[in-house]
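The values are calculated or read from the model by the stated rules, or taken from the named source; none is laboratory data. It should be emphasised that the depicted structure is a prediction, and the values quoted were computed from it without experimental measurement. Cβ coordinates were reconstructed from backbone atoms using ideal geometry, including for glycine residues, and neighbour counts include every protein chain displayed. SASA here: full protein model, heavy atoms, side chains in, ligands and nucleic acids out. Shrake-Rupley method; radii C 1.70, N 1.55, O 1.52, S 1.80 Å.
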Amino acid sequence: MANSDKPLIVSFGEMLIDFVPDVAGVSLAESKAFLKAPGGAPANVACAISKLGGTSAFVGKVGDDEFGHMLVSILKQNNVNTEGISYDANARTALAFVTLKTNGEREFMFYRNPSADMLLKESELNMGLIKKAKIFHYGSISLIAEPCRSAHMAAMNAAKMSGVLLSYDPNVRIPLWPSPDAAREGIMSIWKYADFIKVSDEEVSFLTNGDPEKEDVVLTLWRDDLKLLIVTDGEKGCRYFTKTFKGRVGGYSVKTVDTTGAGDSFVGALLVSVAKDPTIFQNEENLRQALTFANACGALCTTQKGAIPAIPSQEEANALIASSKNK
């Protein structure tokens, strides 16, 4: 198991199987074969944290089936603490069919009706694990249906009461919600709890109905109790906003194969930096270094298919940063 004297980062939410066409640029109907890949943003983040030198645990629920046990085994192989995982004997592990368009962007079709992750109950939470975390990280998919929504709220509140930093990546998946308005409302319903939030430029556009390039649009998402708001802009890098400073950190141009997991790799890298240095929210130079590293991790993750297998190592990310400086 991972080194226990490092600060623990607990990731909460869904873990599932992504089925990705073996040929890019085709629709699901046209695809003749699919590659099976472990997925689910919070689980991807947990693996990224561990691979990038942090200590992580995953809290969630999978089916008591072949896929569920396979996913837990993959977490263990990636040195993620699995003491917070429950199994459901009556529901299947969630599946997602993910099409890769010619530019590497994705389209989703989900099989969760309901899937095991939606059925996590508050009584099944490993509260001891959650309360001893340095950071508690979550998304919004766990807010869509009961009982998982109540479990999410209970876990988040317990973490907050224990002085744990709360990290939120909404990870918008509109097809999973009853409607776009329900998605917007559900995602924003817990906005005020987080200490720091990461959104993509596309998510800014969805949540605000505005132009994500415009700072005044982005700042409609700012709350005074936030320590940090990050907007990721794909290969252009990211923008950051804190109480006292703001700026942009450039990204890396790589040959993109599959963007699945790029944001999760970015988040995992950032969380490792925050866990090591909680003063990062007040130190712009340290924050910029952390975001440079996170941008490199996100970029490298797009150069392979699948999320968890494509997460780079610290050495690979540092090599990309060094090679870009030398150009």
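Structure values in brief
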| item | result |
| --- | --- |
| Condition met for S50 (part of a helix (DSSP H, G or I) and either of a type in the set (S, T, Y) or surrounded by fewer than 20 Cβ atoms within 10 Å (Cβ to Cβ) (or both)) | yes |
| Residue in the range 55-78 that is touching a helix residue (DSSP H, G or I) at 6+ places or on another chain (Cβ under 9 Å), in a helix (DSSP H, G or I), among the hydrophobic types (A, V, I, L, M, F, W, C) and surrounded by fewer than 23 Cβ atoms within 10 Å (Cβ to Cβ) present | yes |
| Number of positions in the range 126-144 that are out of contact with any His (no Cβ under 8 Å at 6 or more places or on another chain) and open to solvent by less than 20 Å² (accessible area, probe 1.4 Å) | 9 |
| Evaluation of T99 against (1) part of a strand (DSSP E or B); (2) out of contact with any Asp or Glu (no Cβ under 7 Å at 6 or more places or on another chain) (one fails), failing number | (2) |
| Selection from the range 83-102 of residues that are modelled with pLDDT of 95 or more and crowded, with 17+ Cβ neighbours inside 10 Å | G84, I85, S86, D88, A91, R92, T93, A94, L95 |
| Tally of residues being without any contact (Cβ under 8 Å) to a residue 40 or more places away in the chain, touching a Ser or Thr at 6+ places or on another chain (Cβ under 8 Å) and of a type in the set (A, V, I, L, M) across the range 143-182 | 2 |
| Residue within the range 213-220 that is closer than 29 Å to A151 by Cα, in contact with a helix residue (DSSP H, G or I) (Cβ under 7 Å, 6 or more places away or on another chain) and at pLDDT below 95 present | no |
| Single residue of the range 255-282 satisfying the filter (without any contact (Cβ under 8 Å) to a residue 60 or more places away in the chain and surrounded by fewer than 24 Cβ atoms within 10 Å (Cβ to Cβ)) that is nearest to L52 (Cα to Cα) | S273 |
